[in-house]
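Once you've had a glance at the structure underneath, I'll fire off some questions.
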Amino acid sequence: MKLLHITRRLSLRISATAICVLVCAAVVAGFALSVQQSSERTYSPHGAIKISCTNCHTTTSWKPIRPFPDFSHASTGYPLQGMHAALDCRQCHLKLVFSNVGKNCADCHADIHRRQMGSNCEQCHTIRGWGDVRRNPGGHENRFPLLGAHAATSCQDCHKSAAVGLFKGLSTQCVSCHQADYLSARVIDHQAAGFSTNCESCHQADNWQRSLLDHAKVTGFALLGAHASLQCTQCHIGGKFSGTPADCIGCHLKDYNAATNPDHVQANFPKDCSVCHTTNSWQGTTFNHNATKFPLTGAHSGIQCIDCHKNGQYAGLPTACISCHLADFNGTTNPNHVTSGFPQDCTICHATTAWNPASFDHSKTQFPLTGAHASRQCVDCHKNGQYTGLSTACASCHLSDFTGSKNPDHVAAGFSQVCSTCHSTIAWTPSIFDHNTSKFPLTGAHAGQKCSACHASGQYATLPTTCVSCHLTDFNGTTNPNHTAAGFPQDCSVCHSTTAWTPALFDHSKTKFPLTGAHAPLQCPACHSSGQYANLPTACVSCHLANFNGASNPNHVSAGFPQDCTICHSTSAWSPSIFNHSKTNFPLTGAHTSVQCALCHISGIYAGTPTDCYSCHSKEYTSTTDPNHVAALFPKTCDSCHSTSSWSGATFNHAQFPIYSGSHAGRWTSCGDCHTNSNNYSVFSCITCHTHDKATTDSQHQGVSNYVYNSANCYSCHPTGRTD
């Protein structure tokens, strides 16, 4: 760079000397010109400069200029500072027009960085000199902030050889600069240990020696307690880092085998040291017995381990109470546990807090104690020390109460011996029978009746539940309507409810004839005349035959209409009536849908009306002249060409000869173009359009067998209209 600056300055001085020569020549030439043409005006070679010539020049001669020109460069908006202050004017002003000079660094200084850093030199350099580089060059904080030890390094430490060095796109990976440090590491041989070349996973920019490895994140083994202060080599022996065991016993097997209080090996303790020990210290061990199948509670929590784990037995020790307390079980006499057949699970009655008082939770048995039972002594029920196999049936204790009851007599009434049906454990009386649990729930007027109102003569068992068993006299005595004569069923609930006999309601929707429309508000006698209710026909005509016979628009009888009124009428009203023609053999479509019935069903004939088009449209068929359907012998199936939407726009499927595709498409205007005889469409002409003279056509068909110059033969060889 220094050599480049010297070359640059030398070129500037040579250029300045040449300029001086040119200036002198210009001055002499100018002076001679002024003598010859004194009337002409002389202009300054410096352009539009507003200072006096004497500020820089002397009266002796234009050159040399004054040693200290009377000119403040700060007035131009570009003060001369730093390295710029000592420069000769001509090193920057290469031309006599001083204003014609750039103010940007790149205007005078070549870019030795090969455009990697842009043209803004001042983002890194200062006017004090090229070597005076800013500590934090602009833009460095975006991609690779200079932190820690990086902040004190010079640019050349990373960007080697400024003139040819790489500034843009330089790798930001640590190993790109520190590979030698990685390979030369000896305290821990990084390469042999297979360490990652991602240096920042362990190191920081401030200090190589201080490791920042997140042991828990990288290895899954957090360094806690005493582990945190260990040197790496204490666990990673021989520089082995991969495959190091993460379980305690991997490092502490010797400690495990040497432990004698208690003897871990003999006791068959698990080799997971963390069960009792922590990483803080081996001493002060704690075993969480709650994590085992036998948590220590109550009196168990204060005893020593050897009280239960005798002879150093820890593994396989039973957790049943009786394994330690068999002597207590056998020695108990109040009550005698052995003779009573008590289970040997002490927890049923005892707690770990103390043997006494003992409590038995009867609610966990098949007979929870409630009401008056809860305050009884055990011996009141468990006589003679019998605890197992005791019956839970009420009658097993209360049979005498059952047989002695007279209001009502339980035995005579055949009552069940399940006392809980009517009684509770609170007291015998008052007793309540929930009739809803029987086959006959009490509702409405039944709910307020006395038991004896239905259960006459003390009969409770096998009493019938049918309405008529109590209300037969009501059924037989009813005259509005007469239930017997009408053949009504004896199931009163069909019309009546338990609330009251009247008003009675019959749900006709549950019969084969639901009441809808005008039928719904009718009184029963309107249909059930003469008191007939059973076997009444449901056909419309059974009530509306007179309406059917009297209908004249149209006359239903002469028209042969079916007597199923629902085909056209609804229960809402007789009119308007609607007939769904789509359910017949002739659905109405297109123009047919708006036609009045009488236009097709002439003279009131509905049955047997023909469904072919010609039967109604023979007049249209015979009167048509374009083309003449009769003369052309067209079929009488109108739907071959026409639709129900409109007569016009008829289409014919010309399947015998393609006139809607190929070369014939759009080449004809009417059927008569080919069918020259409107009275006979079997006659057609090809040569009307294809006007080949016979002589020319004959010569073109030489050697073609069966060739004859007529349209029929044209068609026989060209059935698709193609020339080939």
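Note down the relative contact order for the chain as a percent, whole number, built from C-alpha pairs under 8 angstrom at least six residues apart. Provide the component values of the computation, followed by the final result.
On the way: 542 pairs, mean separation 27.9, N = 724.
Relative contact order of the chain: 4 percent.
For the stretch 86-148, what is the convex hull volume of the alpha-carbon atoms per residue, in Å³?
Working: hull volume 6.6 nm³, N = 63.
Here the figure is 104 Å³ per residue.
From the alpha carbon gyration tensor of the stretch 344-501, can you work out the equivalent ellipsoid semi-axes (sqrt of 5 times each eigenvalue) and give them in Å, largest to smallest?
On the way: eigenvalues 510, 57, 29 Å².
So the equivalent ellipsoid measures 50, 17, 12 Å along its semi-axes.
Between the stretch 41-76 and the stretch 685-724, what is the separation of their alpha carbon centroids in Å?
Each part reduced to its Cα centre gives a spacing of 110 Å.
Please list 460, 43 in order of solvent-accessible area, largest first, computed with a 1.4 Å probe with all protein chains present. It would help to have the intermediate numbers written out before the result.
On the way: 460 65, 43 170 Å².
Solvent-accessible surface, decreasing: 43, 460.
Further question: Given R₀ = 60 Å, what would the calculated FRET efficiency be for residue 498 paired with residue 333, taking r from the Cβ atoms and rounding to 0.05? Kindly include the intermediate steps, with their values, before the conclusion.
Details: r = 63 Å, r/R0 = 1.05.
With R0 = 60 Å, the Cβ-Cβ based efficiency is 0.45.
Something else about it: Quick one: putting +1 on the C-beta of Lys and Arg, -1 on the C-beta of Asp and Glu, what dipole do you get for the chain around its Cα centre, in Debye to the nearest 20? Write out the running numbers ahead of the final one.
Values: 41 positive and 38 negative charges, 699 e Å.
Once rounded to the nearest 20, the dipole reads 3360 debye.
Compute the distribution of all C-alpha to C-alpha distances in the stretch 493-586, in bins of 10 Å from 0, and list the percent of pairs in each, rounded to whole numbers.
The calculated distribution, bin by bin, is 12, 38, 29, 14, 6, 1.
Taking 0.36 nm per residue of sequence separation and subtracting the Cα-Cα distance, how much length would be gained by fully extending the chain between residue 417 and residue 154, in nm to one decimal? Could the numbers behind the result be given before it?
Values: separation 263, 0.36 × 263 = 94.68 nm, distance 10.69 nm.
84.0 nm is the gain from fully extending residue 417 to residue 154.
Long-range amide H contacts for residue 482: which residues qualify at under 5 Å (H placed 1.01 Å from N, peptide plane, sequence gap of 5 or more or a different chain)?
Under 5 Å from the amide H of residue 482 lies no amide H from a residue far enough along the sequence or on another chain.
Provide, in order from the shortest bin, the percent of all Cα-Cα pairs of the chain in each 20 Å bin, continuing until the bin that contains the maximum pair distance.
9, 13, 11, 11, 20, 24, 10, 3, 0
Once you wrap a convex hull around the alpha carbon atoms of the stretch 300-354, what is its projected area averaged over all directions, in nm²? Before the final figure, lay out each step's value.
Working: hull surface 17.9 nm².
Over all viewing directions, the stretch 300-354 projects a mean Cα-hull area of 4.5 nm².
Right, next: Stretched out fully, how many nm does the piece from residue 591 to residue 453 gain, at 0.36 nm a residue minus the Cα gap?
On the way: separation 138, 0.36 × 138 = 49.68 nm, distance 7.62 nm.
Going from the current span to full extension adds 42.1 nm.
The values are calculated or read from the model by the stated rules, or taken from the named source; none is laboratory data. Every value quoted in this text rests on a predicted model; they were computed, and no experiment measured them. Glycine also receives a Cβ, built like all others from the backbone with ideal geometry; neighbour counts cover every protein chain displayed. Ligands, DNA and RNA are stripped out before the accessible areas are found, and what is left, the full protein with its side chains, is counted by its heavy atoms. Shrake-Rupley method; radii C 1.70, N 1.55, O 1.52, S 1.80 Å.
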